[in-house]
Amino acid sequence: MALRTALFPLLFPATLFLLMLPSGSCAQPLQNRILIATSPDGLAWTRLNRVFSDSGDVPDAVLAPNGDVHVYFQGLWTPTRDGIMVGISPDGLTNWTFYQIPIPGTGSWPGKPCDPDVIVRNDTFRLYFTGDPIGDGRPETYSAVSTDGITFTMEAGIRFQVTNQMVLDPSLLWTDTLQYFAGGAPPGQNWHAHSTDGFNFSQRPNFSAGNLLMANGIRLTSGYRFYGFENLPAEGIRSLFSADGETWVADSGYRLRVDPSHGLESLCVKDPGVVEKDTLYLMYYVTRKPTGTGIGSGGQEAKPLSPQGLRIAPNPFRLSTELEYFLPARDKVSLKVYNSLGRLVETIFAGEAAPGAHKSK
């Protein structure tokens, strides 16, 4: 996906960060937070201005067989290590209990499990996730199963892969079949596949809906709705409706757009995870922590460049890419590439840069 190079620093051999800060950088999900919004119809959303996780990313929400809300996300296990986690609440709003979700058999993987997406069917939780077991920079989708949504057992084999390509951030929805969407496809497209058993997938033509990156789908009484977000520029969260699970039509307008006025959001809103609980729709969405709440190297504040001033093409990338950015004023810039272990590979530029347009390869 377009911004996944910055969101998953522990996954790829070449991960790009562009930060305006004196020195060092912050790894995701440290720079992001997950907030909560509610809706009576899944279209008009009201922010609660409530933080679900102050260091979290890529949430996915499901309703457990007992009625509890489970929100799976990428969170911090330690101050320097992130991993898959779950928050469990009886109402999806309060009284959260959090658990780490280690996947047995993945401890030695260079590209650790991330990007959780969970399907609950027949009282079984199946967790789909991104992983790179051999560290070749071409992650695939894998799966694990659980009866309680906390303790998972790895399933054998790869659920979905594309030869010589990255497959990122799976998003799935049962219609007549299990629909699968994922990032890493050419810009403006999503990988697309179907399955009848949730285990074996057949690739379909890539799916496009403008610049929408598919994030989370739900079943409605009259069809299906899939939520996604736009990147580069990061316009906001939108949705698609389908009566049959095959033909998707864009809902009018935005579900959410970034609103910095309350001091909790900046730069973008993205990666919505949506679930219906009783008669209320709940959304768990990602934003960048505003300036003043992020933590940079040595406690210094990190000020990421706005996506509106940043262009990376191709993105995602493997061997090379070209980056263009614009500075409204003279400032300190640090442009660095990190490997799959989060270690610095190369500093492309570090120092003051003049206002205006800049290009790097």
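The values are calculated or read from the model by the stated rules, or taken from the named source; none is laboratory data. Owing to the predicted nature of the structure, the values given are computational and were not obtained by experimental measurement. Note that each Cβ is placed from the backbone with ideal geometry, even for glycine, and that neighbours are counted across all protein chains shown.
For the reader, a short list of remarks on this structure follows.
- Close Cβ contacts (under 7 Å, 6 or more residues apart or on different chains) running from residues in the range 182-196 that are at positive phi and in a loop (DSSP other than H, G, I, E, B) to residues that are surrounded by fewer than 23 Cβ atoms within 10 Å (Cβ to Cβ) and polar (S, T, N, Q) comprise G184/Q165; G188/S208; G188/N211.
- If you check L168, L220, L212 for being touching a residue at least 40 places away in the same chain (Cβ under 8 Å) and either closer than 26 Å to T287 by Cα or small (G, A, S) (or both), only one passes: L168.
- All conditions but one from (1) over 27 Å from G184 (Cβ atoms); (2) modelled with pLDDT of 95 or more apply to V62; the one that does not is (1).
- Restricting the range 233-243 to residues that are over 18 Å from S171 (Cα atoms) and over 15 Å from the mean Cα position of the chain (by Cα), the residue that is surrounded by the most Cβ atoms within 10 Å (Cβ to Cβ): E235
- Residues of the range 160-179 satisfying the condition of being in a loop (DSSP other than H, G, I, E, B), under 21 Å from I218 (Cβ atoms) and modelled with pLDDT of 95 or more: T175, T177
- Residues that are farther than 16 Å from E140 by Cβ and in contact with a Phe, Trp or Tyr (Cβ under 9 Å, 6 or more places away or on another chain), drawn from the range 199-210: R204, N206, F207, A209
- Strands (runs of 3 or more DSSP E) enclosed by the range 33-99 - at least 1 residues per element that are of a type in the set (A, V, I, L, M, F, W, C) and closer than 14 Å to V274 by Cα: 46-53, 56-63, 69-78
- Any hit, the range 128-140, residues being closer than 14 Å to D60 by Cβ and either in a loop (DSSP other than H, G, I, E, B) or of a type in the set (S, T, Y) (or both): yes
- Scanning the range 17-42 for residues that are at pLDDT below 95 and more than 15 Å from C268 (Cα to Cα) gives F17, L18, L19, M20, L21, P22, S23, G24, S25, C26, A27, L30.
- Among (1) at positive phi; (2) in a loop (DSSP other than H, G, I, E, B); (3) surrounded by 20 or more Cβ atoms within 10 Å (Cβ to Cβ), the one test that G157 misses: (3)
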